[in-house]
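Below: the structure, in structure tokens.
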Amino acid sequence: MLHYDAPTAAEAAQLMEQYQAGSSFFFSSPRKTLLTHGEYSRLPVPSGTEHRSLPERVCELLEFAKQAGRPDAVVVGAIPFDIQKPASLFIPLSAKWHDSLQFSEGKAPEMPRISSYKVLSVPKPTAFMEGVNRLLDLIDQKKLHKAVISRTLEITLPHALSIPRILTHLAYHHSHGYTFAVPLAPELSHTTSPDAVASTRTLFGASPELLITKQGSRIKGNPLAGSAARSADPVEDQRRAAALLSSAKDRYEHAIVIDAVASALQPYCSKLEVPAEPSLVQTKAMWHLSTEINGVLMDEAVTSLELALAMHPTPAICGTPTDAARDAIQEIEPFDRGFYSGAVGWSDANGDGEWAVTIRCAETEGTLLRVFAGAGIVTGSIAEAELAETSAKFRTILAAMGLNEQQTTMLEEE
């Protein structure tokens with residue numbers, strides 16, 4: 001049984017300082033925090049004749065580690081949106097566990113200030129809205145019930161980011177969510193940075209959405225769907241929250257996701273509790289409709305990764321029917337999502353683990369930063385409102401760098 005020590009605010013800061021760019025994996029949830037160093041063994045990229053499933057290959061990797069005298073080994077990393085593409089999963093050389101991070105009340109961590117940068121929106125806002133309308137046409141034709149369309153901001157920075165500083169800000173302001181940083185292999189085709197050869201590529205963010213957590217026979221998921229931007233005015237903020245909770249359009253979008261997640265988990269469970277009504281959860285930037293699903297497994301040997309993949313991609317980040325929504329996304333979106341809207345987390349030799357949906361995230365390599373945000377499109381969606389929703393979702397990452405989307409929009413390249 002692992003023992004976790006709850007860190008004080010000072011210890012939490014020290015933990016962040018131990019993060020090493022390019023070699024550390026960081027994952028902080030409301031239950032526990034994991035910081036790893038180095039790489040002991042990595043899941044190989046499957047060959048064209050590979051027939052074993054990803055969970056089977058991960059179990060094999062953990063078994064090899066156990067036979068080599070590492071029974072407490074844990075697999076960490078990220079799974080892409082398109083599960084046919086390689087995952088980035090590995091066993092670290094060392095892992096340090098804590099309870100959830102505790103920060104002192106009062107002064108928030110100091111934010112970095114970036115004064116000189118260039119921004120490119122992919123696609124352009126007008127093209128994004130055209131994509132929304134194309135999806136609405138498919139929905140009107142009954143080819144789709146829902147699809148999630150996303151966009152990116154490609155930001156060229158004057159210098160590489162300090163990931164520990166950003167993680168500290170994200171963890172402080174999103175303590176009820178899932179803050180993460182995953183070292184990825186370089187992908188030089190995505191950057192023209194002059195220092196690209198020596199740079200490291202990192203996926204990081206602060207997701208509000210739990211895909212699955214498993215401890216023994218007990219599992220929990222917390223799908224989110226249906227969103228509204230927060231307001232700095234407390235009265236207006238509460239009005240928006242109440243409007244979201246009563247919105248027929250957003251409750252329909254949410255119900256699609258809950259039905260799909262429950263259907264995916266039901267075959268594994270002897271007991272599954274699905275609340276009849278959604279509740280509200282809040283982040284610093286957004287309100288979300290939320291449903292916490294709890295279950296008891298029939299077979300405790302089922303792994304957290306197997307459960308995660310049984311649900312992935314949920315309608316919250318893809319759509320329904322899944323295949324039709326995925327096809328529409330690939331046709332309309334002018335970029336490869338990569339690990340955005342995949343899953344990030346960890347799994348141990350017992351199959352226990354925790355996986356968050358990879359949203360409110362970015363990839364950085366050298367001086368290039370790619371920030372991602374998406375919006376769920378259903379009957380009743382309005383292109384301008386969906387564009388505004390993605391802008392609000394960008395704020396999680398932009399705020400951690402001392403930026404806001406108004407600034408980036410004014411500097412957007414033609």
Expected single match for out of contact with any Asp or Glu (no Cβ under 6 Å at 6 or more places or on another chain) and touching a residue at least 24 places away in the same chain (Cβ under 8 Å) among L244, L280 is L280
**Asked** Condition test on S41, is it open to solvent by 20 Å² or more (accessible area, probe 1.4 Å), closer than 19 Å to T303 by Cα and among the polar types (S, T, N, Q)?
**Response** no
Filtering the stretch 66-90 down to residues that are buried (at least 19 other Cβ atoms within 10 Å of the Cβ) and either aromatic (F, W, Y) or without any contact (Cβ under 8 Å) to a residue 40 or more places away in the chain (or both) yields F81, F90
Inside the stretch 381-414, the number of residues satisfying the requirement of being among the polar types (S, T, N, Q), open to solvent by 10 Å² or more (accessible area, probe 1.4 Å), in a helix (DSSP H, G or I) and modelled with pLDDT under 75 is 3
In the stretch 44-65, residues that are open to solvent by less than 60 Å² (accessible area, probe 1.4 Å) and farther than 18 Å from L305 by Cα total 1
If you go through L307, L272, L297, the only one that is open to solvent by 20 Å² or more (accessible area, probe 1.4 Å) and under 30 Å from L62 (Cα atoms) is L272
Does at least one position in the stretch 365-380 carry a residue that is open to solvent by 20 Å² or more (accessible area, probe 1.4 Å), modelled with pLDDT under 95 and in a strand (DSSP E or B)?
-> yes
Here the qualifying pairs (Cβ atoms under 8 Å; residues six or more apart or on different chains; first in the stretch 120-140 and basic (K, R); second assigned to a helix (DSSP H, G or I) and crowded, with 19+ Cβ neighbours inside 10 Å) come out as R134/A328; R134/I332
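The values are calculated or read from the model by the stated rules, or taken from the named source; none is laboratory data. Predicted, not measured: the structure shown is a model, and the values here were computed from it. Glycine also receives a Cβ, built like all others from the backbone with ideal geometry; neighbour counts cover every protein chain displayed. Protein only, heavy atoms only, side chains kept; ligands, DNA and RNA dropped before computing areas. Shrake-Rupley method; radii C 1.70, N 1.55, O 1.52, S 1.80 Å.
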